[in-house]
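A.B. asks: Mind looking over this structure? Questions follow.
The values are calculated or read from the model by the stated rules, or taken from the named source; none is laboratory data. Quick caveat: nothing in here was measured; it's all calculated off a predicted structure. All Cβ positions, glycine included, derive from the backbone under ideal geometry; neighbour counts span all protein chains shown. Heavy atoms of the whole protein, side chains included, go into the accessibility calculation; ligands, DNA and RNA do not. Shrake-Rupley method; radii C 1.70, N 1.55, O 1.52, S 1.80 Å.
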Amino acid sequence: MFQELTIFILGLVTGLFGLVAVLYLFVFERSRIRLVLGVILAVYALYLLKDLLYLQEGVADNPFIYKLLLSIDTWAVPLYVMFAFEFLYPGKMTLRKDLLLFGSFPLFTLLYVLYPYDWVYSLMTVYAVVFSGVCICIVLRKTLLYRRMLKGSLSDITHMDVKWLWVAIALLLPNLILWAFVSSRTDNLLDAVYYLSLSVTWGIIAYKTYYYKYPSASDLMSGDTYAEAVHAPSHFSEKLVRLAADGYFVRTPHLTLAELAAELGTNRTTLSSYINSSLGTTFYDYVNSSRLEYTEKLLSDPDAKYSVEQLAELSGFNSLSTFRRAFGKKYGMSPQQYRERVLERR
């Protein structure tokens, strides 16, 4: 019974991967990251299709064939890494670099074919685990630096934030654990759970990729420049205050660090250093905090009634979720709760 269920789920998941791959490769508007994802999902569909072999009677009883097929499973590990690196190093991942990441895994499978010993298979498994651990650390660190660069340069990072990669990594770990159990025993029910877990993980990745928008390279400060900025003079601090009072930050929802620096007659490095060193915040948080001060005025008007969507738009936010998150972080409550407290004090 469980074997038939697992085969059905495997066929369903394989078809789903293939369908989404076709959509990203041939239907959706093209971008580099979408093409990369489409290719990866197509490879994944083929990789899942081969699992139908070891679900057949007798295959799992042959240790060599069973471990050979499981060795191909490890090829999925670099697919996660290639995709994450494509996000975090846009335009820098070449075909040669991708092949270097991916190539070692087929070589281990070939080594096992030539020398079908348990120690070769064990070595391959250890390598996959170590490779995953090292790459996860790299991705986590680079994600932090990338988000820091975004928040240091842009006031609107809607559909640009890569924090969701942490969710993908968090889901990857259970996938690896499930695979470890699947590779050590024959359990059709566990196989079904594994396939469903994969579909959820890559479903989230596909959804986020569809809406992802690359930031303009000209608007971003490099990590090195960001880190090496010197302490800035504060002669333009009064002008910053005047701009905020005049509603400049509210009127420019897509404001960038470069645009604000030009408005102040300074450069990005100096302004970034001032905001980070003297004000103790990021450009992103500084601008959005100024926008929230305007929100306070809107909420303090006893005669005005605004929806949350109207508050976000009038305050210069392009994303309702960003507005809610920023407001909750600064005031520790929702806009409605803030308004009720303000009116109670009158």
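A.B. asks: Of the residues LYS50, LYS67, which single one is more than 26 Å from LEU19 (Cα to Cα) and basic (Lys, Arg)?
C.D. replies: LYS67
A.B. asks: Name the pairs whose Cβ atoms lie under 7 Å apart, with the first residue in the range 329-343 and over 12 Å from LYS297 (Cα atoms), the second at pLDDT 90 or above, and 6 or more positions between them or separate chains?
C.D. replies: As it stands, the answer is LYS330/SER289; LYS330/LEU292; TYR331/TYR338; SER334/GLY328, since those pairs meet every condition given.
A.B. asks: Please go through the range 1-57 and pick out each residue that is open to solvent by 80 Å² or more (accessible area, probe 1.4 Å), assigned to a helix (DSSP H, G or I), free of Cβ contacts under 8 Å to residues at least 24 places away in the same chain and under 18 Å from LEU69 (Cβ atoms).
C.D. replies: LEU46, LEU53, listed by residue number.
A.B. asks: Follow-up. Would you call ALA261 crowded, with 18+ Cβ neighbours inside 10 Å, of a type outside the set (S, T, N, Q) and free of Cβ contacts under 8 Å to residues at least 40 places away in the same chain?
C.D. replies: So ALA261 fits the description; yes.
A.B. asks: Considering every residue within the range 144-162, establish whether at least one is aromatic (Phe, Trp, Tyr), part of a helix (DSSP H, G or I), closer than 16 Å to ALA217 by Cα and out of contact with any His (no Cβ under 8 Å at 6 or more places or on another chain).
C.D. replies: Taking every residue of the range 144-162 in turn, at least one turns out to be aromatic (Phe, Trp, Tyr), part of a helix (DSSP H, G or I), closer than 16 Å to ALA217 by Cα and out of contact with any His (no Cβ under 8 Å at 6 or more places or on another chain).
A.B. asks: With (1) under 12 Å from SER153 (Cα atoms); (2) at pLDDT 90 or above; (3) buried (at least 18 other Cβ atoms within 10 Å of the Cβ) as the list, and ARG268 as the residue in question, which single condition is left unmet?
C.D. replies: Result: ARG268 passes all but (2).
A.B. asks: In addition: Filter the range 91-132 for residues that are β-branched (Val, Ile, Thr) and over 17 Å from LEU68 (Cα atoms) and give the result.
C.D. replies: THR94, VAL129, VAL130
A.B. asks: Hey, any hits in the range 215-230 for a residue that's surrounded by 16 or more Cβ atoms within 10 Å (Cβ to Cβ) and at pLDDT 80 or above?
C.D. replies: Looking for residues that are surrounded by 16 or more Cβ atoms within 10 Å (Cβ to Cβ) and at pLDDT 80 or above, one finds at least one in the range 215-230, hence yes.
A.B. asks: Take the residues in the range 293-346 that are among the aromatic types (Phe, Trp, Tyr) and in a helix (DSSP H, G or I), then tell me which one is most open to solvent (accessible area, probe 1.4 Å).
C.D. replies: Selected residue: TYR294.
A.B. asks: If the Cβ limit is 7 Å and pairs must be 6+ apart or interchain, which residue in the range 105-125 that is among the charged types (D, E, K, R) pairs with which residue that is open to solvent by 30 Å² or more (accessible area, probe 1.4 Å)?
C.D. replies: Listed pairs, sorted by first residue: none to list.
A.B. asks: Identify, from the list LEU196, LEU150, LEU240, LEU173, the residue that is at pLDDT 85 or above and open to solvent by 30 Å² or more (accessible area, probe 1.4 Å).
C.D. replies: Answer to the selection: LEU196.
A.B. asks: I've got another one for you. Just one of (1) in a helix (DSSP H, G or I); (2) modelled with pLDDT under 90; (3) open to solvent by less than 30 Å² (accessible area, probe 1.4 Å) trips up LYS97, so point out which.
C.D. replies: Condition (3) is where LYS97 drops out.
So that you can scan it fast, the table gives a plain yes or no per residue for (1) over 22 Å from TYR194 (Cα atoms); (2) of a type outside the set (A, V, I, L, M):
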| site | (1), (2) |
| --- | --- |
| TYR47 | no, yes |
| GLN56 | no, yes |
| LYS67 | no, yes |
| ALA76 | no, no |
| TYR89 | yes, yes |
| LYS97 | yes, yes |
| SER104 | yes, yes |
| LEU114 | yes, no |
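A.B. asks: How many residues, within the range 100-143, are surrounded by 13 or more Cβ atoms within 10 Å (Cβ to Cβ) and not charged (D, E, K, R)?
C.D. replies: Matching residues across the range 100-143 total 26.
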